[in-house]
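Chemist: The structure that follows is given in the form of structure tokens.
The values are calculated or read from the model by the stated rules, or taken from the named source; none is laboratory data. Remember, predicted model here, so these are calculated numbers, not experimental data. Counting neighbours? That spans all protein chains shown, and the Cβs are built from the backbone with ideal geometry, glycine included.
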Amino acid sequence: MNGTLHTAIGAASGFIVANSLQSDPMTTLLLVGLGGISGLMPDIDIDGKLSNKITLSAGMIRTVAQFIGILMMVYSYFEGMDKEKWIGIFLGLMMIVASSYLTQRRMLTVTGGGVLAGGIFLQETWLSLLGIYIMIASFIPHRSYTHSIAGILFFAAIASRFEASLGIDGVFMTCMAGYISHLIADMKILPVNKRGVKYFLPFSSKEF
């Protein structure tokens, strides 16, 4: 199922939660937005629109890194002394070579690390856990652990702490409803899906 439908279903989940709690208009808008985002979160494990939106372009970062590498080499050649000159040139060359292997997934890893650092700095557990979630997602195959019960439990830990931090009723229910709706919508019992969901990873690879 495509991202637009996942977002719509997640947003609808948020609206249902808000309506059941008789939330005020501002809280309703917040829950609808959180539902839409949560409905997309399992797909952060793929090189697509969601990961592109939360990371800088890999191409842009690659260009900047290569430019810095060239400047480092030039500066070291003209300003460096003896061994320092060649070390600077070598490091600049390594930066150019390493940046050529930079992919969107590795940018997602860097983003997750930044979110984790932000959570530690702000002393927000939910943000630190979200950073870890993003970093893990950047290394695993699509429709694997983020689409499993393990992924649900990890996201539940994030959502519960997020609600405690905001102090707004319905945040946890909305985040979980949005997340779980994604997994249900990706099941192969629906004719639009060629693949299913491996709920019981790592214990079983059976698709549902």
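Chemist: When residues of region 1-26 are filtered for being more than 21 Å from Leu130 (Cβ to Cβ), among the polar types (S, T, N, Q) and either in contact with a Gly (Cβ under 6 Å, 6 or more places away or on another chain) or surrounded by 17 or more Cβ atoms within 10 Å (Cβ to Cβ) (or both), how many remain? Give the derivation first.
Modeler: Going residue by residue through region 1-26, those that are more than 21 Å from Leu130 (Cβ to Cβ) are 1-2, 4-5, 8-9, 12, 15-16, 18-26.
From what's left, among the polar types (S, T, N, Q): 2, 4, 19-20, 22-23.
The next check asks that each one be either in contact with a Gly (Cβ under 6 Å, 6 or more places away or on another chain) or surrounded by 17 or more Cβ atoms within 10 Å (Cβ to Cβ) (or both); those that pass are 23.
The qualifying residues number 1.
Chemist: I would also like to ask the following. Within region 114-137, is there a residue that is under 26 Å from Glu207 (Cα atoms), at pLDDT 90 or above and small (Gly, Ala, Ser)?
Modeler: So far as region 114-137 goes, yes, one or more of its residues are under 26 Å from Glu207 (Cα atoms), at pLDDT 90 or above and small (Gly, Ala, Ser).
Chemist: Then there is this: Could you tell me how many of the residues in region 176-204 are in a loop (DSSP other than H, G, I, E, B) and either surrounded by 13 or more Cβ atoms within 10 Å (Cβ to Cβ) or touching a Ser or Thr at 6+ places or on another chain (Cβ under 9 Å) (or both)?
Modeler: Looking only at region 176-204, we keep the residues that are in a loop (DSSP other than H, G, I, E, B), and these are 186-204.
Of the ones still in play, those that are also either surrounded by 13 or more Cβ atoms within 10 Å (Cβ to Cβ) or touching a Ser or Thr at 6+ places or on another chain (Cβ under 9 Å) (or both) are 186-188, 193, 196-202.
The total comes to 11.
Chemist: Could you check how many residues of region 59-101 are exposed (fewer than 14 other Cβ atoms within 10 Å of the Cβ) and in contact with a Phe, Trp or Tyr (Cβ under 8 Å, 6 or more places away or on another chain)?
Modeler: Residues in region 59-101 being exposed (fewer than 14 other Cβ atoms within 10 Å of the Cβ) and in contact with a Phe, Trp or Tyr (Cβ under 8 Å, 6 or more places away or on another chain): 0 in total.
Chemist: Find all pairs meeting these conditions: Cβ atoms under 6 angstrom apart; at least six residues apart or on different chains; first residue within region 18-44 and more than 23 Å from Leu153 (Cα to Cα); second residue of a type in the set (A, V, I, L, M, F, W, C) and surrounded by 21 or more Cβ atoms within 10 Å (Cβ to Cβ).
Modeler: Thr28/Ala18
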